[in-house]
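Asker: I have a structure I would like to understand better, so I am pasting it below and will then ask my questions one at a time.
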Amino acid sequence: MEFAELRQVVEKTMLVDAHAHNIVALDSAFAFLNSFSEADCDALTYAPHSLSFKRNLRNIAELYGCESSLQAVEEYRISSGLHSISSICFEAANISAVLIDEGLNLDKQQDIEWHKSFVPFVGRILRIESLAEEILNQDKSDGSPWTLDNFIETFLEKLRSVADKIVGLKSIAAYRSGLEINTHVTKEDAEEGLAEVLRGGKPVRITNKSLIDCIFTHSLEAAVCFDLPLQIHTGFGDKDLDLRLSNPLLLRKVLNDKRFSKCLIVLLDASYPFSKEASYLASVYHQVYLDFGLAVPKLSVHGMISSIKELLELAPVKKVMFSTDGYASPETYYLGAKIAREVLFTVLRDACIDGDLSVAEAIEAAKDICAQNAINFYKIDFDVKSFGTKDNVRSNFVKKGTDTPEDGVSFVRVIWVDASGQHRCRVVPTKRFNDVVTKNGVGLTFACMALISAADCPADETNLTGTGEIRLIPDLSTRWRIPWEKREDMVLADMHLKPGEAWEYCPREALRRVSKVLKEEFNLVLNAGFENEFYLLKSVLSEGKEEWVPIDSAPYCSVSGYNAVAPIFHEFVAHLQSLNITVEQLHPEAGKGQFEIVMGHSVCTSAADNLIYSREVIRAVARKHGLLATFAPKYALDDLGSGSHVHISLWQNGENVFMASGGSSRHGISDVGQEFMAGVLYHLPSILAFTAPIPNSYDRIQPNTWSGAYQCWGKENREVPLRTACPPGVQDGLVSNFEIKSFDGCANPHLGLAAIISGGIDGLRRHLCLPEPIDGNPASLDGKLKRLPVSLSESLEALQKDDVLHDLIGEKLLVAIKGVRKAEINYYAENKQAYKQLIHRY
């Protein structure tokens with residue numbers, strides 16, 4: 001077999017170094033000899049007698065053209081200077097990108113910017129333990145001691161603030177307490193761990209297992225939220241590490257935790273000597289990837305070849321990545337690159353000889369392992385040319401999602417949703433967004449949360465006026481390229497009085513606040529999935545005036561009705577998927593020109609964000625086609641209404657606990673699920689002030705329209721407001737979620753879900769019981785069942801009396817919401833035809 005082409009590809013392809021560390025100054029206290037070994041102190045004196053040291057020293061001497069001795073190499077380094085030897089090493093290494101973990105904190109280490117003189121792209125990896133220690137080494141601004149709650153809150157806020165500036169997270173838990181992470185560590189154990197760490201004094205070094213496990217788990221949650229991969233040190237290292245606790249098999253509890261199944265994990269350092277174990281994990285867990293830095297070049301030639309072969313015994317080639325694990329000296333980068341190429345060629349050549357790969361497949365594998373796998377994994381947006389030099393690499397290296405004007409992104413839309421459920425935005429040039437807005441936000445008047453659906457002026461009785469200003473702080477984890485306008489990004493914003501201090505009127509913060517209560521008191525997380533019902537209208541002229549009429553008159557689930565709009569719906573779904581929004585199904589609804597798109601469920605905060613973006617997609621694509629999409633509850637009083645039905649489930653430790661376990665509870669619902677649902681049912685009249693927020697909402701909630709007009713619940717009964725559901729795939733007799741039908745497209749989704757959770761919390765606290773389900777049409781039992789509010793006035797009256805919602809959502813925010821609702825009531829009472837304008841606002 002001929003391997004010349006394979007050798008050329010391996011030797012010439014520019015590398016993406018997916019894991020490395022900072023280089024230090026030549027006069028650093030970190031000695032050059034330390035670059036050759038993980039040993040220290042007396043053990044380091046034996047390093048020059050290792051096989052890898054002799055080979056690596058010889059390779060460096062050949063590069064510099066000096067005698068092959070440690071003294072000669074060190075003299076060359078000093079006489080040439082750091083910049084010169086770095087240029088030599090990186091040019092010879094042919095590295096196009098390097099991802100740096102700054103957490104080693106070596107003496108006189110260069111910052112990340114310094115490294116950009118030698119490599120076209122330098123990305124940052126954030127070590128979570130270093131971030132935690134950095135926080136605890138600082139005193140709180142108010143002088144009070146750290147508690148677990150405010151520590152974790154600060155930790156997550158720090159992660160949020162840098163999420164768009166890093167390419168991944170990293171953990172060295174293996175060095176501290178081992179890889180057998182308990183993702184269900186109790187709050188009490190973590191609090192004790194924090195106290196123990198703080199008693200140790202400063203500088204803080206976190207070794208307590210419970211605290212490490214807590215930090216690791218919250219970091220996994222952040223990684224999922226911000227779509228960041230997590231690097232995990234596995235296998236050998238310096239003597240701080242207990243090798244027995246660094247076996248990647250110990251991570252199986254993490255890997256089996258469904259909460260974190262979407263978090264991509266890379267096992268570093270070839271997991272040596274557990275390379276076979278790592279290969280197994282990568283073969284059976286979709287989220288596990290491998291990296292072979294440190295093992296190459298620290299092992300003998302035989303050890304390196306054996307380790308890489310073991311990684312490839314089971315692991316897909318698409319999951320194995322190159323890195324140097326370079327640190328302290330530029331020579332470590334050079335050695336990692338040079339020897340990796342030699343080892344990789346040998347491994348792939350042997351795979352061809354053995355019949356595992358064809359030469360063409362080996363060439364593709366080389367390109368993947370050297371660069372392409374890391375580009376895809378870390379979402380680095382650039383092209384690496386085979387047989388090229390650094391001139392072949394585009395100059396605009398950026399992490400995907402952190403776009404710059406050179407990327408073609410001119411503006412960023414900063415979006416918020418007000419108390420009346422209207423989507424609003426400020427548009428900022430990209431440079432100003434990146435330079436100013438990401439940290440300091442956009443100024444906005446207090447009155448922004450007092451506007452009503454009919455007019456852009458603050459309502460009375462809200463305590464909010466044009467005096468006073470907040471800051472819209474972009475949540476960078478929600479930043480996306482706008483799929484229908486590629487020159488712009490969009491991002492959702494939180495409302496702060498000043499950066500870092502949430503405003504009490506912020507809807508997104510309100511949902512976080514009540515979700516935190518649900519989690520802390522009951523260890524529950526609410527998942528939600530929305531159904532988007534909307535009308536597609538076309539413009540016609542009638543007596544010289546523009547009117548918007550339905551696009552068709554097709555009946556429910558009509559094939560011909562779908563055929564007419566299929567091209568538009570393909571755009572809807574493609575755009576939603578580009579925003580990582582799951583679409584489960586879509587169909588024509590029963591109204592003339594009415595349609596529905598059903599979205600998958602997710603954690604409630606994410607579900608609310610996704611509902612906002614889904615509305616934006618649907619409206620924008622419709623407008624592109626000359627149509628108007630409206631989510632108004634009852635755009636035509638003589639046709640059916642549109643809702644945003646929401647499906648609710650409760651999750652604990654990654655499992656759906658709304659569903660009964662094996663039919664052990666009544667109605668197929670767990671005790672926890674029944675109590676939560678009973679609380680929602682009890683508070684439903686006042687919840688409507690959030691989920692059905694305008695007078696037109698009550699034109700929709702009528703008997704015999706499948707909108708839920710009576711205060712009751714039922715099993716798969718579409719006439720009740722709360723319907724338990726047993727979708728396909730769920731065991732017969734069990735219930736996976738319940739649907740709330742009295743939620744419409746005018747509702748602020750964050751406020752609506754906050755109200756629902758508040759009612760559920762009350763049900764859990766008081767152990768409320770569900771009444772018997774209603775099997776038939778509630779309207780036929782009129783007089784026996786309580787009618788839900790027939791108007792916004794009645795719902796507002798119920799809210800006035802609801803102390804639970806006032807307490808959980810917050811008195812100030814409730815005052816504003818009630819003021820807005822009163823203004824809505826008064827306006828539409830005086831302007832009977834004004835509802836017709838809602839199609840232009842919702």
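Asker: At q = 0.11, 0.12 Å⁻¹, what is the log10 ratio I(q)/I(0) for segment 251-392, with the Debye formula run over Cα points and no solvent?
Answerer: After summing over all Cα pairs, the log10 values are -0.41, -0.49.
Asker: Set the Förster distance to 30 Å, then compute FRET efficiency between R244 and R199 from the Cβ-Cβ distance, nearest 0.05.
Answerer: Details: r = 27 Å, r/R0 = 0.91.
Efficiency for this residue pair is about 0.65.
Asker: I would also like to ask the following. Tell me, what HN-Hα J-couplings in whole Hz come from the Karplus equation 6.51 cos²θ - 1.76 cosθ + 1.60 at θ = phi - 60° for each residue of segment 248-264, using x for Gly and Pro?
Answerer: Ordered by residue, 3J(HN,Hα) equals x, 4, 5, 7, 4, 5, 5, 5, 8, 6, 4, 4, 10, 5, 8, 8, 6 Hz.
Asker: Extension gain R765-K545, at 0.36 nm per residue separation less the Cα-Cα distance, in nm?
Answerer: Working: separation 220, 0.36 × 220 = 79.20 nm, distance 5.65 nm.
This chain segment gains 73.5 nm when fully extended.
Asker: Using Cα pairs closer than 8 Å and at least 6 residues apart in sequence, work out the relative contact order for segment 254-293, in percent.
Answerer: Numbers: 41 pairs, mean separation 19.2, N = 40.
Worked out over segment 254-293, it gives 48 percent.
Asker: So what is the accessible area of segment 661-768 per residue, in Å², with the probe set to 1.4 Å?
Answerer: On the way: 2970 Å² over 108 residues.
On a per-residue basis, segment 661-768 sits at 28 Å².
Asker: Classify segment 140-241 from the C-alpha gyration tensor, please: rounded if a/c falls under 1.5, else prolate or oblate depending on whether a/b exceeds b/c. The partial results should precede the final answer.
Answerer: Working: a/c = 1.60, a/b = 1.08, b/c = 1.47.
Oblate.
Asker: About its Cα centre, what dipole magnitude does segment 654-763 give when the only charges are +1 on Lys and Arg Cβ and -1 on Asp and Glu Cβ, stated in debye to the nearest 20? Please list the in-between numbers first.
Answerer: Details: 6 positive and 10 negative charges, 38 e Å.
It comes to approximately 180 debye.
Asker: Another question about this same structure. Quick one: if you stick a label point 7 Å off each Cα along the C-beta vector at Y562 and A725, how many nm between them?
Answerer: 1.7 nm
Asker: For H302 and V427, FRET efficiency with R0 = 45 Å and r from the beta-carbon atoms, rounded to 0.05? Could you put the intermediate results ahead of the total?
Answerer: Working: r = 60 Å, r/R0 = 1.34.
That pair, V427 with H302, gives E of 0.15.
Asker: Shifting gears a bit: In terms of solvent-accessible area of protein heavy atoms at a 1.4 angstrom probe, what is the ranking of Y556, Y64, highest value first? Walk me through the intermediate numbers first.
Answerer: Details: Y556 125, Y64 15 Å².
Solvent-accessible surface, decreasing: Y556, Y64.
Asker: Find the accessible area per residue for segment 510-573; the probe is 1.4 Å, ligands and nucleic acids are left out, and the unit is Å². Don't jump to the answer; show the numbers that get you there.
Answerer: Values: 3080 Å² over 64 residues.
With the other protein chains kept in place, segment 510-573 gives 48 Å² per residue.
Asker: Something else about it: How much net charge surrounds Y289 when only other residues with a Cβ under 10 Å from its Cβ are counted (Lys, Arg +1; Asp, Glu -1)?
Answerer: Values: positive: K318, K319; negative: D291.
With Lys, Arg at +1 and Asp, Glu at -1, the net is +1.
Asker: Could you give me the radius of gyration and the Dmax of segment 734-842, taking only the C-alpha atoms into account and expressing both in angstrom?
Answerer: Cα only, segment 734-842: 16.5, 49 Å (Rg, Dmax).
Asker: Can you give me the % of accessible surface on segment 1-155 that is carbon or sulfur? Probe 1.4 Å, all protein chains present, nothing else counted.
Answerer: Values: 3410 of 7040 Å².
Its accessible area is 48 percent carbon and sulfur atoms.
Asker: On to the next question. With every protein chain kept in place and ligands, DNA and RNA left out, what is the accessible area per residue of segment 204-248? Probe 1.4 Å, answer in Å².
Answerer: 34 Å²
Asker: State, to one decimal in nm, how far the label point of E364 lies from the label point of I112, with both points 7 Å from Cα in the Cβ direction.
Answerer: The two pseudo-label positions are separated by 3.4 nm.
Asker: Would you be so kind as to identify which of C448, I809, A566 lies farthest towards the positive end of the dipole of the chain, taking Lys and Arg as +1 and Asp and Glu as -1 on Cβ and the Cα centre as origin?
Answerer: Checked the options; the winner is A566.
Asker: Right, something else. Using the alpha-carbon centroid of each, what span in Å lies between segment 294-365 and segment 592-628?
Answerer: Using only Cα atoms, the two centres lie 46 Å from each other.
Asker: If you count only protein heavy atoms and use a 1.4 Å probe, how large is the accessible surface of K786, to the nearest 10 Å²?
Answerer: It works out to around 130 Å².
Asker: Still on this structure, I have one more. Given Y535, I152, T724, which one lies farthest toward the positive end of the charge dipole of the chain, if we put +1 on the Cβ of every Lys and Arg and -1 on the Cβ of every Asp and Glu?
Answerer: Positive-most Cα among the choices belongs to Y535.
Asker: Take every Cα-Cα distance within segment 25-94, group them into 10 Å bins from 0 onward, and report for each bin the whole-number percent of pairs it holds.
Answerer: 18, 52, 28, 1
Asker: In whole percent, and with a 1.4 Å probe on the protein chains, what portion of the accessible area of segment 293-361 is carbon and sulfur?
Answerer: Working: 1240 of 2200 Å².
Exposed carbon and sulfur together represent 56 percent of the surface.
Asker: Shape of segment 30-150 from its Cα gyration tensor (a ≥ b ≥ c, root eigenvalues): rounded if a/c is under 1.5, otherwise prolate when a/b > b/c, or oblate? If you can, show how the numbers build up before the last one.
Answerer: Details: a/c = 2.87, a/b = 1.79, b/c = 1.60.
Prolate is the answer for segment 30-150, as a/c is 1.5 or above and a/b outweighs b/c.
Asker: Follow-up. Quick check: convex hull of the Cα atoms in segment 73-127, volume per residue, rounded to a whole Å³? If you can, show how the numbers build up before the last one.
Answerer: Working: hull volume 5.0 nm³, N = 55.
Spread over its residues, the Cα hull of segment 73-127 gives 91 Å³ apiece.
Asker: By the gyration tensor of its Cα atoms, with a ≥ b ≥ c the square roots of the eigenvalues, what is the shape of segment 458-532: rounded for a/c under 1.5, prolate for a/b over b/c, or oblate?
Answerer: Values: a/c = 1.74, a/b = 1.01, b/c = 1.71.
Judged from the Cα gyration tensor, segment 458-532 comes out oblate (a/c at least 1.5, b/c at or above a/b).
Asker: For the modelled label position 7 Å from the Cα of E313 along Cα-to-Cβ, which residues of segment 216-259 have backbone nitrogen atoms closer than 18 Å?
Answerer: Residues 235-236, 247-250 qualify, since their backbone N sits under 18 Å from the label point.
Asker: Under the Karplus relation 6.51 cos²θ - 1.76 cosθ + 1.60, θ = phi - 60°, what is the ordered set of whole-Hz ³J(HN,Hα) values for segment 134-148, x standing for Gly and Pro?
Answerer: 4, 5, 6, 6, 9, 7, 5, 4, 8, x, 6, x, 5, 10, 4
Asker: Peptides 603-613, 191-201: what's the order by average Cβ count within 10 Å, highest mean first?
Answerer: Values: 603-613: 22.9, 191-201: 15.5.
Order by mean packing, descending: 603-613, 191-201.
Asker: Further question on the same structure: Quantify, in whole percent, the carbon and sulfur part of the accessible surface of segment 414-542 (1.4 Å probe; protein heavy atoms only). Walk me through the numbers on the way to the answer.
Answerer: On the way: 2480 of 5000 Å².
The value for segment 414-542 is 50 percent carbon and sulfur by accessible area.
Asker: Length gain on complete extension for the stretch A4 to S68, per 0.36 nm per residue less the alpha carbon to alpha carbon distance?
Answerer: Working: separation 64, 0.36 × 64 = 23.04 nm, distance 3.01 nm.
That works out to 20.0 nm of additional length.
Asker: Return the FRET efficiency for the residue pair K832, D227: r is the Cβ-Cβ distance, R0 is 51 Å, and the value is rounded to the nearest 0.05.
Answerer: Numbers: r = 48 Å, r/R0 = 0.94.
For R0 = 51 Å, the calculated efficiency reads 0.60.
Asker: Stretch E461-N256 to full length: gain in nm at 0.36 nm per residue minus the Cα-Cα span? Don't skip to the end; give the middle numbers.
Answerer: Values: separation 205, 0.36 × 205 = 73.80 nm, distance 5.13 nm.
Full extension of this stretch gives 68.7 nm more.
Asker: Sorted by packing (mean other beta-carbon atoms within 10 Å per residue), highest first, where do 672-681, 33-42, 341-350, 271-280 land? Let's see the in-between values first.
Answerer: Details: 672-681: 25.2, 33-42: 16.1, 341-350: 20.7, 271-280: 23.7.
Top to bottom by mean Cβ count within 10 Å: 672-681, 271-280, 341-350, 33-42.
Asker: At 25 °C and 0.890 mPa s, grab the translational diffusion coefficient of segment 646-722 from Stokes-Einstein with a Kirkwood Rh over Cα pairs, rounded to a whole number in µm² per second. Write down the numbers at each step before the final one.
Answerer: Details: Rh = 13.9 Å.
Once the numbers are plugged in, D ends up at 177 µm²/s.
Asker: For segment 666-754, what does the relative contact order come out to in percent, with C-alpha contacts under 8 Å and a separation of six or more? Mind dumping the intermediate values first?
Answerer: Numbers: 131 pairs, mean separation 25.4, N = 89.
Across segment 666-754, relative contact order equals 29 percent.
Asker: Counting helices only, and only those DSSP H runs with n ≥ 4, report the 222 nm mean residue ellipticity of the chain as the sum of -39,500 (n - 2.57) divided by its residues, in deg cm²/dmol to the nearest 500.
Answerer: Values: 27 runs with 322 residues, N = 842.
The per-residue figure over the chain is -12000 deg cm²/dmol.
The values are calculated or read from the model by the stated rules, or taken from the named source; none is laboratory data. Quick caveat, the model's predicted, so the values are computed rather than measured. Note that each Cβ is placed from the backbone with ideal geometry, even for glycine, and that neighbours are counted across all protein chains shown. When the accessible area is computed, the model is the full protein with side chains, heavy atoms only, and any ligands, DNA or RNA have been set aside. Shrake-Rupley method; radii C 1.70, N 1.55, O 1.52, S 1.80 Å.
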